[in-house]
C-alpha cells in the first residue's frame, strides 16, 4: 500500500515537473532587444480593434497612430497639424486640398517565422506602396453605410458628398453606390496625388485629414482576410512601427519598421520594440515599482504616496486629458427653464474643493466647456467676466432672487443627479449634493445606473453627469459638435445666438477671431443661458522610469517613435 | 451507471436550454444596447449594424437564430467568407461530398471587432483553467490536511491554529489578499513578478490568493465532516477490530468524510477554471473571468450568452463527476 501511494505521488510530482519545465521554457524565450513597456492609456481590457475605420477609443487609436499615419499628423505637444504622409496645397477658395503623398512607402508585415518586418508584394512580386487609392479607400470605408462605423458621423460633414454617402441605403444597387462614391470629395489623381474637397473652407479641415479614420487601408488584404485582417498573422501597415504580436487581453507589441524612411515629423524610431500592456491602474503601478513597466499610469489611491516619495514624484508627470467633466441640466423642467437657476447651481459648485479632495489627479477646475489646450480654444483668463466660476454667495443671492420672484421655498425643491456607476462619479455627486444642499437649501438625490441604462435615462434626468472627450483637438469639436442645436437632443440646449456664433467660428480663418467667437459662445452656454456646469478638465498622469527621454503629449496619445533610451 | 450518465446528459441539455432562455430574456430586458454611446449614431448606420447582427428581428426570432446557430449542424462550402459571423467551433471536412460539417457558432463579439465568442474562449479559457487548477491545488493541499489535523487534535493547540487561520482565510477576499501579496512579494521582495502571465512564477501568487480563501472553507468542512464520521459506529467497529489508528482514519474515516468536501469541490472547480474577475484585474491575467463582467457593461450579447452557458455547462459536468465519485466513496450509493 505504501509503495503504491509513493508511486502515485512520484507520478504526480513528475507531471508537475514537466508542467513546470514547459512553462519556464515558454517563458525563457525572448531576445535581448530592449523593449519599452507601457501601460499608459491602455486600460485592463483587450484593444477593441486595429482597424482605423472602426476604432473609437483611445487605446486603439494610440496604437493605430504608429501603424497607419494619416496625411496630416497632429503634433502631440503643440496641437498643430504638420505634414504626415503628405504635403499639401490649398485652393484659393479654401475648399480643395491637393496632397503629394510620400512616394514609395511600402506596406509591411511582420513575419513571425523569420522574425523580420518584410515588405508586402503584389501578385507580380513587386512591392506594394502606399498610394492615393489606399487613402481614398480609407475615407470610403469609414463612411460606408454597409460597414456602419461609429465615426462616420464625425467625418461625413467635412467631405463633399460625405453625408450623402453615409446616409445612403446600404442595400443600394451597384450603380447607385458607384454614383455616390464618384460624388465623394476624395479622389486619387495619380498614385501619389490625392485631392480632398471639403464642404467648408475652414482651418478645421486640417484636423479632419489628420484623424485616424482617414488612414490608408490595404484593400487586397480586406478581400483576403475579411474581418480578421487586423489579426497579427495578417495585418499590413506602413507607419514607423509594425505589429509584432497581439496577445489578446494581455498585450500588443510593436516593432520598428525598417522600411519607414523617417521624416522631420515622424522620425525613424530608436526604440526597437514597444509593448502595450493591458493593465488596471494598481497593477500598473506595482509592475512599475517592480521595474517591469517603463511607463505607468497613477491610481488615485497612490497619489499621496507618490508625492511623498522623492523618486516617484520625480517620475510623475501631469498633462491634459481629452475630456471635460460637466453636469447637464434638463432645461425643459420648470425649475431649470430659468437660466439663473442653472447659473446659481453652477456657481455653488466648489470646483477647487472637488479636484483637491475628491478626484485628486491634478485636474483643472473648469469655467468654460472647451478644453484649454485645443486649437482655437479661448482661455478664460483672457476674457475676464465670461464663463462661470465658483461663487457661493453669488449663487445664494441669485437663487434667493429666483425663489422670491416665483414664491417658492428651497426646501420644497428636489433635484436628482443621474450618473453612470463609478466610484469617482459617485464621490463627485456626493460632494455636489452637499454643496447644493448647504448653499441653496434644496434637496438633492443621487441615482446611479450602469452606462447603457444611464444613456437611456439621461434625457429625462433633472441633472446628469457627463463628459465630452474630443475626436479632433479643435474647439469646434466641443462647441459645434456637441451643443449646436442640430446635434444631441439630450442636451436640451437651443440658443440661436449660440448657433450663429459657432457657425461663424468654424469658418473664420483668423485664429484670434475664432477664439473671440468661441469665448462669446462659451459665455452663453455656461453663463447667460446656462445649460451646463463645467466642473473640471481631465488630466492624465503617468510615471516614467529614469533613463528614458520622451515627449509629453497633451492629446493623450503618445508618439513613441520620438522616445529614446538614454542608458 | 451508463444509463445514469446518459440520462444526466439529456437533463443537461434541458438545463442549458433553460439557462439560455432565462439569460436571454434578462439580458434583453435591461435598457441600453451594444451600440449606445455618448455619440449618437446616424439612424441608418445603427440600422445597418443591427441588421448585421440580426438585432433588427423580433426577439423571439433572434433567440431562435441564436440557438439554431449553436445547436443545428450546418453542411457548408469548404471555404467560408472570413467573417466573425462564420466562426464555428467544430469544422469537419467530409471528403465524400467535398463539403464541411460545421457546428456550434456562438456568435461574434460586438466589442472586439475581430473576435468571436469561440475565439475569446479559446484564448482565455486555457489561462483561466491553468490558474483555476492551481488555485484548487492550493485549496486542497492546504485545506484538507489542515482540516484533518484539526479534527484529529480536537480542541488542542493545533485545532485552534488551523481553525484560526481558516477564519482569517475566509474573511479576507481576493481583492484584499491579492494586492497585499503583489506588494509584498512582487514589489518589495521582488521574488515574483507582480503582474502578467506566461510562466509558473506568474501562477503562484494569484493561485494562492484565489485558493487560500477556498482552502479555509475546505478545512472547516473537512474538520466538521471528519469529526462526525469519527463518531460513527463503523469507526468504533474498526477500532474494536484492533486496526491501527492510521488505517482507521486514513482508510475508513477519511473516505467517508470526503463526501461533503467532494460535493463542494465540483462546482468550486467549475467556478475556478472559468476565471475570477478580481484576480485577473489585480494580477493582469488574460483570463476569461473579466468577460463575465465586461460583457454585461458592454451589452456584448453573444459574449454574455456564451460565458453564461459555458459556466452552466461546466457546473453541470462537475456535478455529474461528483455524483460518479460518490459511488466510489460510498458503496451504499446506487443510481440505477
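The values are calculated or read from the model by the stated rules, or taken from the named source; none is laboratory data. Every value quoted in this text rests on a predicted model; they were computed, and no experiment measured them. In this analysis, Cβ positions are derived from the backbone assuming ideal geometry, glycine residues included, and neighbour counts consider all displayed protein chains.
If I filter region B:128-146 down to residues being surrounded by 24 or more Cβ atoms within 10 Å (Cβ to Cβ) and over 20 Å from residue B:199 (Cα atoms), which single residue comes out as farthest from the chain's Cα centre (by Cα)? Only one residue fits best here, namely B:146. Which residue, of A:230, A:266, is within 17 Å of residue A:55 (Cα to Cα) and at pLDDT 95 or above? Exactly one of A:230, A:266 is within 17 Å of residue A:55 (Cα to Cα) and at pLDDT 95 or above, namely A:230.
Condition check ((1) crowded, with 16+ Cβ neighbours inside 10 Å; (2) without any contact (Cβ under 8 Å) to a residue 60 or more places away in the chain; (3) within 18 Å of residue B:92 (Cα to Cα); (4) touching a strand residue (DSSP E or B) at 6+ places or on another chain (Cβ under 8 Å)) across all residues:
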site	(1), (2), (3), (4)
B:35	yes, no, no, no
B:41	yes, yes, no, no
B:46	yes, yes, no, no
B:50	yes, yes, no, no
B:58	no, yes, no, no
B:63	yes, yes, no, no
B:68	no, yes, no, no
B:76	no, yes, yes, yes
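In summary, helices (runs of 4 or more DSSP H) completely within region A:106-185 and bearing 3 or more residues that are free of Cβ contacts under 8 Å to residues at least 12 places away in the same chain and more than 23 Å from the chain's Cα centre (by Cα) occur at A:174-182. Consider region A:317-340 and keep the residues that are touching a strand residue (DSSP E or B) at 6+ places or on another chain (Cβ under 8 Å) and more than 18 Å from residue A:537 (Cβ to Cβ). The one that is surrounded by the fewest Cβ atoms within 10 Å (Cβ to Cβ) is A:335. Taking the listed residues B:16, B:55, B:49, the one that is more than 30 Å from residue B:324 (Cβ to Cβ) and away from chain A (no Cβ under 11 Å) is B:55, with no other qualifying.
Considering region B:224-259, the residues that are over 14 Å from residue B:148 (Cβ atoms) and in contact (Cβ under 8 Å) with a residue 24 or more places away in the chain include one that is surrounded by the most Cβ atoms within 10 Å (Cβ to Cβ), namely B:259. Selection of region B:35-61 for residues being under 33 Å from the mean Cα position of the chain (by Cα), assigned to a helix (DSSP H, G or I) and farther than 12 Å from residue B:107 by Cα yields B:49, B:50, B:59, B:60, B:61.
The set of residues in region A:110-130 that are closer than 30 Å to residue B:52 by Cβ and surrounded by fewer than 21 Cβ atoms within 10 Å (Cβ to Cβ) comprises A:120, A:128. Selection of region A:287-311 for residues being within 27 Å of the chain's Cα centre (by Cα) and under 15 Å from residue B:187 (Cα atoms) yields A:287, A:288, A:292, A:293, A:294, A:296, A:302, A:306.
Annotation note: of A:508, A:500, A:475, A:461, the sole residue that is more than 25 Å from residue A:422 (Cα to Cα), surrounded by 21 or more Cβ atoms within 10 Å (Cβ to Cβ) and at pLDDT 90 or above is A:475. Output yes when any residue across region A:229-244 is closer than 29 Å to residue B:180 by Cβ and within 10 Å of chain B (Cβ to nearest Cβ), and no when none is. For region A:229-244, residues closer than 29 Å to residue B:180 by Cβ and within 10 Å of chain B (Cβ to nearest Cβ): absent. The number of residues in region A:437-456 being surrounded by fewer than 16 Cβ atoms within 10 Å (Cβ to Cβ) and facing chain B (nearest Cβ under 9 Å) comes to 1. Here the condition is being more than 14 Å from chain B (Cβ to nearest Cβ), surrounded by 20 or more Cβ atoms within 10 Å (Cβ to Cβ) and at pLDDT 95 or above; of A:87, A:70, A:38, it holds for A:70 alone.
Can you find a residue that is out of contact with any strand residue (DSSP E or B) (no Cβ under 6 Å at 6 or more places or on another chain) and surrounded by fewer than 18 Cβ atoms within 10 Å (Cβ to Cβ) anywhere in region A:266-285? Taking every residue of region A:266-285 in turn, at least one turns out to be out of contact with any strand residue (DSSP E or B) (no Cβ under 6 Å at 6 or more places or on another chain) and surrounded by fewer than 18 Cβ atoms within 10 Å (Cβ to Cβ).
Out of all the residues in region A:252-265, which are buried (at least 23 other Cβ atoms within 10 Å of the Cβ) and under 21 Å from the mean Cα position of the chain (by Cα)? Hits for region A:252-265 are A:252, A:254.
Taken over region A:164-180, the criterion of being facing another protein chain (nearest Cβ under 9 Å) and touching a helix residue (DSSP H, G or I) at 6+ places or on another chain (Cβ under 7 Å) is satisfied by A:166, A:167, A:168, A:170. Among the residues of region A:360-385, the ones that are within 13 Å of residue A:475 (Cα to Cα) and surrounded by 22 or more Cβ atoms within 10 Å (Cβ to Cβ) come to 9 in all. Among residues of region B:179-191 that are over 14 Å from residue B:283 (Cβ atoms), those with a Cβ under 6 angstrom from a residue that is assigned to a helix (DSSP H, G or I), sequence gap 6+ or separate chain, pair up as B:191/B:185.
For region A:43-60, enumerate the residues that are touching a residue at least 24 places away in the same chain (Cβ under 8 Å), within 14 Å of residue A:254 (Cα to Cα) and touching a helix residue (DSSP H, G or I) at 6+ places or on another chain (Cβ under 9 Å). Within region A:43-60, A:47, A:50 meet the criteria.
Table: residues versus (1) touching a strand residue (DSSP E or B) at 6+ places or on another chain (Cβ under 8 Å); (2) within 14 Å of another protein chain (Cβ to nearest Cβ); (3) assigned to a helix (DSSP H, G or I).
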residue: B:179; (1), (2), (3): no, yes, yes
residue: B:192; (1), (2), (3): no, yes, no
residue: B:212; (1), (2), (3): no, no, yes
residue: B:216; (1), (2), (3): no, no, yes
residue: B:237; (1), (2), (3): no, no, yes
residue: B:246; (1), (2), (3): no, yes, yes
residue: B:265; (1), (2), (3): no, no, yes
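Each residue in region A:513-549 was checked for being touching a residue at least 24 places away in the same chain (Cβ under 8 Å) and assigned to a loop (DSSP other than H, G, I, E, B), and 5 pass.
Note on region A:276-305: residues that are within 23 Å of residue A:565 (Cβ to Cβ), more than 10 Å from chain B (Cβ to nearest Cβ) and not in a loop (DSSP other than H, G, I, E, B) total 4. Within region A:252-265, the set of residues being within 14 Å of another protein chain (Cβ to nearest Cβ) and either out of contact with any strand residue (DSSP E or B) (no Cβ under 9 Å at 6 or more places or on another chain) or part of a helix (DSSP H, G or I) (or both) is empty.
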